[in-house]
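The values are calculated or read from the model by the stated rules, or taken from the named source; none is laboratory data. What you are looking at is a predicted structure, and each value in this text was computed from that prediction instead of being measured. Cβ sites come from the backbone with ideal geometry, for glycine too, and all protein chains shown count toward neighbours.
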Amino acid sequence: MIDLLRYPPTLVALVLALLAAVPIAARWLRVAQREHYVPGWTTRMAWLWVTREPVTAGLLIVALTATTLAVVGGVPPLGPSWAIGAIVALALIPLGLPVRGRSAKLALTDRLKRLMVCWIVVHVAATIVLVAVLGPRAAAAPALVLLLGAPLTDLALAIMAPIERAGSKKFVVAAQKRLAQVRPRVVAITGSYGKTSTKNYVAHLLSATYATVASPASFNNRLGLSRAVNDKLVPGT
């Protein structure tokens, strides 16, 4: 194991990696939430961003090059310096994807919090494994982990998927029973954008004639819709 006090750039790289992990986590977790927690879609969106945004592609090339140099010729003090450069570049990408979001901010739901814990565990485990494998070049480990931010987010999603299904099963079954009992008129609205606005307009227009229940804006997955049905659906809807 490397001596952090003997090689200050290594310590700087580790501290920078911890700081960079905050915006990186916020970005990829928000993408995962927007894509309905489907494993694989975070990496797809990351690749789409890279192929459509030249500056992001350039920064990724810089990060890849610096990370490679940190691994190949990465003994201190030169290796940690390359790792620092890679971490700085990775903290900026995808360029144009803000941490907080403009149209849809990161919603700290219970599911997101559970995913966040798994995300941290996956990244810490990956870092420990890489540190053990790289030995004296261990300063490159945080850069490698951050470079794999999107795929590791998908890994966390894949780990959590069966857990979420098991936890939500009773709510889904209860919603199915409620739907069978009430037998409401159902209006389904789909599309790429404008779904929430259209849903609200339709609910407003129909409310003059029928008892209406519109799912809340953020309740757009199976568990969220089940909760809306269980909490709000009444006879006569």
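As a summary of the residue check, Pro80 satisfies the conditions (1) within 13 Å of Ala13 (Cβ to Cβ); (2) within 12 Å of the chain's Cα centre (by Cα) except for the one numbered (2).
The combined condition, being at pLDDT below 90 and buried (at least 22 other Cβ atoms within 10 Å of the Cβ), is not fulfilled by Gly73.
Does at least one position in the range 166-185 carry a residue that is under 23 Å from Ala46 (Cβ atoms) and either touching a residue at least 60 places away in the same chain (Cβ under 8 Å) or among the small types (Gly, Ala, Ser) (or both)? Spell out the reasoning first.
The initial filter retains those residues of the range 166-185 that are under 23 Å from Ala46 (Cβ atoms), namely none.
There is no residue in the range 166-185 that is under 23 Å from Ala46 (Cβ atoms) and either touching a residue at least 60 places away in the same chain (Cβ under 8 Å) or among the small types (Gly, Ala, Ser) (or both).
Of all the residues in the range 133-172, those that are under 15 Å from the mean Cα position of the chain (by Cα) and on the phi > 0 side of the Ramachandran plot number 0. Scanning for something surrounded by 14 or more Cβ atoms within 10 Å (Cβ to Cβ), under 30 Å from Val50 (Cβ atoms) and not β-branched (Val, Ile, Thr), does the range 170-181 turn up at least one residue? No; the residues of the range 170-181 include none that is surrounded by 14 or more Cβ atoms within 10 Å (Cβ to Cβ), under 30 Å from Val50 (Cβ atoms) and not β-branched (Val, Ile, Thr).
Residues Ile61, Ile24: which one is farther than 21 Å from Trp119 by Cβ and at pLDDT 90 or above? Being farther than 21 Å from Trp119 by Cβ and at pLDDT 90 or above holds for just one of Ile61, Ile24, which is Ile61. Checked against (1) in contact (Cβ under 8 Å) with a residue 24 or more places away in the chain; (2) over 30 Å from Leu14 (Cα atoms); (3) touching a helix residue (DSSP H, G or I) at 6+ places or on another chain (Cβ under 7 Å); (4) surrounded by 16 or more Cβ atoms within 10 Å (Cβ to Cβ), Ser215 passes all but condition (1). Checked against the criterion of being among the hydrophobic types (A, V, I, L, M, F, W, C) and over 18 Å from Leu223 (Cα atoms), the candidates Ala107, Ala175, Ala161, Ala141 yield just one match: Ala141. Looking across Leu223, Leu130, Leu148, Leu134, one residue alone is surrounded by 14 or more Cβ atoms within 10 Å (Cβ to Cβ), assigned by TED's automatic domain parsing to the domain that holds Leu90, of a type outside the set (Lys, Arg) and within 20 Å of Leu29 (Cα to Cα). It is Leu148.
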